[in-house]
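The values are calculated or read from the model by the stated rules, or taken from the named source; none is laboratory data. No experiment lies behind these values; they were computed from the predicted model shown. Because the Cβ atoms are built from the backbone with ideal geometry, glycine has one as well, and the counts that use them run over all protein chains shown. Ligands, DNA and RNA are stripped out before the accessible areas are found, and what is left, the full protein with its side chains, is counted by its heavy atoms. Shrake-Rupley method; radii C 1.70, N 1.55, O 1.52, S 1.80 Å.
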Amino acid sequence: MTMTDAHPWSTSLFADLDVEVELDAPLGVHTWYAIGGKADALVRPRSEDALATLLRRCARNGVRVRTLGAGANLLVDDDGVDGVVIKLDAPCFQELRLNAEGAPGRAHVGGGRDLGKTIHETVRASLAGLEPLIGIPATVGGAVRMNAGGKYGAIGDVVESVGLVTPSGERRTYSKDAIGFSYRHTDLPAGTVTWAVLRLKPADTAALRVRLREISAYKASVQPLGDLSAGCMWKNPVIESTGQRVSAGKLIDEAGLKGTSVGGATVSMQHGNFITVRPGARATDVMELVERVGQEVLARTGVRLEREVVFWKRGQD
Ligand SMILES: Cc1cc2nc3c(=O)[nH]c(=O)nc-3n(C[C@H](O)[C@H](O)[C@H](O)COP(=O)(O)OP(=O)(O)OC[C@H]3O[C@@H](n4cnc5c(N)ncnc54)[C@H](O)[C@@H]3O)c2cc1C
């Protein structure tokens with residue numbers, strides 16, 4: 001049986017489109033966990049037109065679509081995922097235009113562009129606003145979708161507008177107010193973020209570089225950056241009685257769960273909110289450990305943790 005026989009829809013969806021297609025594509029290599037199964041099809045559109053047509057055809061044919069960024073907040077199940085996984089690494093999704101439309105400080109950035117690279121380029125151009133995000137592995141589209149950030153700020157602080165192609169292939173623009181950025185969340189509808197316009201401020205490059213070093217040093221001191229992970233597994237919960245957001249890592253630590261393991265997955269000794277894996281671990285090890293930690297924290301503190309890391313499973317959105 002050929003690959004196309006296994007996924008008969010693939011020819012009718014892609015054959016005439018300007019896309020690169022890999023059938024039965026291993027996804028582990030595209031994620032920071034470096035584990036998990038295959039996508040039925042990994043598709044790299046070479047234009048926004050091709051992306052829009054592809055999304056429309058998938059919707060009409062009932063083929064599930066997922067968008068992959070840098071895979072830094074993602075766990076792919078051992079059985080992989082059905083349907084189409086989109087990766088925006090063609091040049092049209094990697095653009096960076098500084099002082100866009102003649103507006104000083106406005107940056108137009110492709111949704112597939114690497115966030116770290118973009119931070120260094122904007123700092124080099126003496127533009128402030130993205131430096132609080134140094135050390136967060138992401139594409140710009142993935143960072144917008146998750147409103148990535150931390151102690152020093154979030155990407156939503158500097159987003160002016162975002163371009164998104166909907167599952168029915170429509171191109172829409174969302175202003176900051178319509179996006180509704182909140183803690184690790186946006187109100188953006190389903191679809192693929194193809195660009196973002198950022199509003200940055202003139203600043204001194206040397207001072208920004210000092211800031212980059214300070215923030216990087218802080219992150220390295222609190223996060224297990226040498227291990228395979230997807231960053232914080234859970235959102236910091238709000239305690240009902242006080243209305244205060246508390247550290248999920250601290251709750252896990254206080255529950256004595258650091259170092260707990262299932263198979264190749266372990267609650268980091270350095271940061272309780274990180275679940276790290278050994279090479280060869282199974283995604284189900286991580287999922288079982290997440291379940292166990294969540295139940296223990298609930299039993300000991302009464303707090304229900306909400307997962308931040310996205311799990312991709314066959315047959316599920
Ligand atoms: C070592 C480490 C440290 C981290 N530290 C932080 C931190 O300090 N703060 C923080 O917020 N996060 C942190 N993270 C998590 C991660 O970096 C962020 O969540 C980041 O925003 C993920 O972006 P991504 O491009 O990798 O998205 P992915 O992980 O590829 O995808 C995550 C979700 O976004 C969706 N998505 C991705 N791209 C698009 C797109 N173009 N359009 C629409 N949807 C899209 C995916 O479908 C998925 O639902 C860390 C991760 C690691 C591994």
Original post:
Within the range 47-59, can one find any residue that is outside the structural domain of TRP195 (by TED's automatic domain parsing), open to solvent by 10 Å² or more (accessible area, probe 1.4 Å) and under 30 Å from GLU288 (Cα atoms)?
Top reply: no
**OP:** Filter the range 180-192 down to residues that are in contact with a Gly (Cβ under 9 Å, 6 or more places away or on another chain) and either touching a residue at least 24 places away in the same chain (Cβ under 8 Å) or of a type in the set (Phe, Trp, Tyr) (or both) and give me whichever is nearest to ILE86 (Cα to Cα).
**Re:** THR192
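Being crowded, with 20+ Cβ neighbours inside 10 Å and within 15 Å of the ligand (Cβ to nearest atom): is that true of ALA248 here? So that I can check it myself, show each step before the final result.
On the way: crowded, with 20+ Cβ neighbours inside 10 Å: yes; within 15 Å of the ligand (Cβ to nearest atom): yes.
Criteria met by ALA248.
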**OP:** Name every residue in the range 22-46 that is of a type in the set (A, V, I, L, M), surrounded by 20 or more Cβ atoms within 10 Å (Cβ to Cβ), free of Cβ contacts under 8 Å to residues at least 60 places away in the same chain and touching a helix residue (DSSP H, G or I) at 6+ places or on another chain (Cβ under 6 Å), in order of residue number.
**Re:** ALA41
Original post:
Restricting the range 284-302 to residues that are aliphatic (A, V, I, L, M) and open to solvent by 20 Å² or more (accessible area, probe 1.4 Å), which is farthest from the ligand (Cβ to nearest atom)?
Top reply: ALA299
Original post:
When the residues of the range 141-165 are filtered to those that are open to solvent by 50 Å² or more (accessible area, probe 1.4 Å) and within 19 Å of GLN94 (Cα to Cα), which remaining residue is farthest from the chain's Cα centre (by Cα)?
Top reply: GLU160
Original post:
Does the range 198-217 contain at least one residue that is within 11 Å of the ligand (Cβ to nearest atom), surrounded by 15 or more Cβ atoms within 10 Å (Cβ to Cβ) and not assigned by TED's automatic domain parsing to the domain that holds GLU291?
Top reply: yes
Original post:
Does the range 250-263 include one or more residues that are within 21 Å of the chain's Cα centre (by Cα) and within 28 Å of GLY116 (Cβ to Cβ)?
Top reply: no
**OP:** Could you identify the single residue in ALA230, ALA190 that is part of a loop (DSSP other than H, G, I, E, B) and open to solvent by 20 Å² or more (accessible area, probe 1.4 Å)?
**Re:** ALA190
**OP:** Quick one: which residue in VAL267, VAL277, VAL310, VAL222 is within 16 Å of the ligand (Cβ to nearest atom), of a type in the set (A, V, I, L, M) and touching a His at 6+ places or on another chain (Cβ under 7 Å)?
**Re:** VAL222
Subject >> Selection count, the range 78-112, where residues are in contact with a Phe, Trp or Tyr (Cβ under 7 Å, 6 or more places away or on another chain) and either surrounded by fewer than 23 Cβ atoms within 10 Å (Cβ to Cβ) or under 25 Å from LYS38 (Cα atoms) (or both) >> reply: 4
**OP:** Working only within the range 251-283, note down all residues that are open to solvent by less than 10 Å² (accessible area, probe 1.4 Å) and basic (Lys, Arg).
**Re:** none
**OP:** Can you work out which of the residues in the range 136-172 that are assigned to a strand (DSSP E or B) and of a type in the set (D, E, K, R) is farthest from the ligand (Cβ to nearest atom)?
**Re:** GLU160
Original post:
Name the residues in the range 270-301 that are more than 17 Å from GLY249 (Cβ to Cβ) and not in a helix (DSSP H, G or I), would you?
Top reply: VAL277, ARG278, PRO279, GLY280, ALA281, ARG282
Original post:
Is it the case that SER168 is at pLDDT 95 or above, open to solvent by 10 Å² or more (accessible area, probe 1.4 Å), touching a strand residue (DSSP E or B) at 6+ places or on another chain (Cβ under 6 Å) and not basic (Lys, Arg)?
Top reply: no
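Looking at the range 190-204, is at least one residue at pLDDT 95 or above and of a type in the set (Ser, Thr, Tyr)?
First, the residues of the range 190-204 that are at pLDDT 95 or above: 190-204.
Imposing the further condition that a residue be of a type in the set (Ser, Thr, Tyr) reduces the set to 192, 194.
Checked the range 190-204: at least one residue is at pLDDT 95 or above and of a type in the set (Ser, Thr, Tyr).
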Subject >> Hits in the range 10-36 (condition: assigned to a loop (DSSP other than H, G, I, E, B) and more than 16 Å from the ligand (Cβ to nearest atom)) >> reply: ALA15, ASP16, LEU17, ASP18
Original post:
So, in the range 100-135, of the ones that are on the phi > 0 side of the Ramachandran plot and in contact (Cβ under 8 Å) with a residue 60 or more places away in the chain, which residue ends up farthest from the ligand (Cβ to nearest atom)?
Top reply: SER126
